[in-house]
Amino acid sequence: MKIAMLSEGGNVHTRRWVEYFHAAGDEVLLLTLEPTPSLPVRVERIGRRGKLDFLSYTLSLPRAGKILSDFSPDLVNAHFVPNYGWIAALLGRRPLVVSTWGSDVLSNPRRSVLHRWRAQFVLRKADLLTSDAEMMSEVIRDMIGSASPILTVPMGVDRHFHESANPGEAREKIVLQYRNFEPVYDPKTLIAAIPAFLDDHPDWRFRLAGEGSMRAEMEALAGKLGIAGSVSFLGKLRREELISELRKARIYLSASLSDSSSVSLLEAMSQGAYPVVSDIPANREWLGDGTRALFFPCADSRTLSRRLSEAAALPEDVRLPLLEQNRKLIGETAIWEDNMDRVRKAFLELKESA
């Protein structure tokens, strides 16, 4: 199968999709505007991002169209609705699969009438949509009705990563967060919750991974609050470093204001870190009624402090069975290779019916 993929070249999700289809024996062409690390497939840069992203993507249409015509794919797969989905929808190559990632349908369409119209335009042009959470699929149905079929599969956890975990191994008194320091992940609430927690648990440590536009501000805030000695800013971690951190941490923390199925949450569930997360629909979809995790209202640092204390106080004989339930759920529904096999099967069916 010949697949033309349009996506952000430097994003880890792009890499995972490209490498999966390449390993399955498909011929993959990646079209992107971003600098791209080494990948085992042909990569064509169709433009450069400027200050006006919308204009940059629109101006890439002529070059993208010519490359697609020469490549003659069996299927086009565009990732993220407002940019690469927009390009693919305007190019009109069929069959078209648009893969939604989260904010492209959960928050971007709310910015204005124009943003909502653009999202609806792209979603309706697709022959198939992929979504990684049922709550996100419901949002899409509310936007466009039944115009395009939706395949709901979480991006998931690598099989080897999951099977090599040992949730029952000894854990350190560590709270781990690995979301980027951007407004959607609400790092201010996270930092603000730490002093009250440390007052009662001075021997605990916070390890915060990731980069982002707010990192320097958050480091300064930690210093101002007098907690810098208990908080480590780890930056972007290599895969083996992340695995090591996950297997040490007793608590996984996310203060995200909006999300679909968060891969970092799924990985934490797989590895045996107890989740303390914001009370948003996607987290509830995975964690249910609040026994296998603790929830706090978005932007509520006081409640977050209390939830962290409750999680820290969980006895082992209570915590470990809950962690095993989380891990079992991941094994049954969120293994990356199994879910991508479902995606590839849908792609092949589209190709055959075209």
For region 279-325, just run the numbers: alpha carbon Rg, then divide by 2.2 N^0.38 Å, N being how many residues it has. 1.19
How would Thr36, Thr100 rank on accessible area, largest to smallest, probe 1.4 Å? Thr36, Thr100
Where does the chain land at 222 nm, in deg cm²/dmol rounded to the nearest 500, when only DSSP H runs of n ≥ 4 count, each adding -39500 (n - 2.57), divided by all residues? -14000 deg cm²/dmol
Read-out P(r) over Cα pairs in 10 Å bins from 0, in percent, derived from the coordinates shown; its label in (i) 5, 24, 32, 24, 12, 3, 0; (ii) 5, 25, 35, 25, 8, 2, 0; (iii) 4, 16, 19, 19, 17, 12, 6, 3, 2, 1, 0, 0: (i)
Set the Förster radius R0 to 22 Å, insert the Cβ-Cβ distance between Glu34 and Phe54 as r into 1/(1 + (r/R0)^6), and round the FRET efficiency to 0.05. 0.90
How compact and how long is region 116-223, expressed as Rg and Dmax of its alpha-carbon atoms in Å? 20.1, 55
Ratio of region 1-59's C-alpha Rg to 2.2 N^0.38 Å, to two decimals? 1.15
Computed accessible area, Val43, all protein chains, 1.4 angstrom probe, square angstrom: 50
Can you give me the C-alpha center-to-center distance between region 229-283 and region 95-137, rounded to a whole angstrom? 26
If you wrap a convex hull around the C-alpha atoms of region 163-249 and split its volume per residue, what is the figure in Å³? 99
Please compute the net charge surrounding Lys328, taking Lys and Arg as +1 and Asp and Glu as -1 over other residues with Cβ under 14 Å from its Cβ. -1
If you count only protein heavy atoms with a 1.4 Å probe, what accessible area per residue comes out for the chain, rounded to a whole Å²? 43
At a 1.4 Å probe radius, carbon and sulfur cover how many percent of the accessible area of region 239-348? 52
Long-range amide H contacts for Val157: which residues qualify at under 5 Å (H placed 1.01 Å from N, peptide plane, sequence gap of 5 or more or a different chain)? Ile335, Trp336
Leaving out ligands, DNA and RNA but keeping every protein chain, what accessible area does Asp200 have, in Å² rounded to the nearest 10, with a 1.4 Å probe? 110
Using the Cα atoms of region 60-166 to build a convex hull, what is its mean projected area in square nanometres? 8.4
Want the number for Arg110 to Arg344: 0.36 nm per residue separation, take away the alpha-carbon distance, what's left? 81.1 nm
Which percent, to the nearest 5, of DSSP beta bridges fully inside the chain are antiparallel? 0
Mean-square fluctuation maximum in Gaussian network of the chain, Cα pairs under 10 Å, restricted to Arg111, Arg284, Arg179, hits Arg111
Where the accessible area of region 1-52 is counted over protein heavy atoms with a 1.4 Å probe, how much of it, in %, is carbon and sulfur? 49
So between His160 and Arg42, what do we pick up on full extension, going 0.36 nm a residue minus the alpha carbon distance? 39.8 nm
Gain in span if fully extended, Lys351 to Arg16, counting 0.36 nm per residue against the direct Cα distance: 118.4 nm
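The values are calculated or read from the model by the stated rules, or taken from the named source; none is laboratory data. A quick note: this is a predicted structure, and the numbers were derived from the prediction, not measured. Glycine gets a Cβ as well: all are built from the backbone with ideal geometry, and neighbour counts include every protein chain shown. Note: accessible area is taken over every heavy atom of the protein model, side chains too, but ligands, DNA and RNA are not part of it. Shrake-Rupley method; radii C 1.70, N 1.55, O 1.52, S 1.80 Å.
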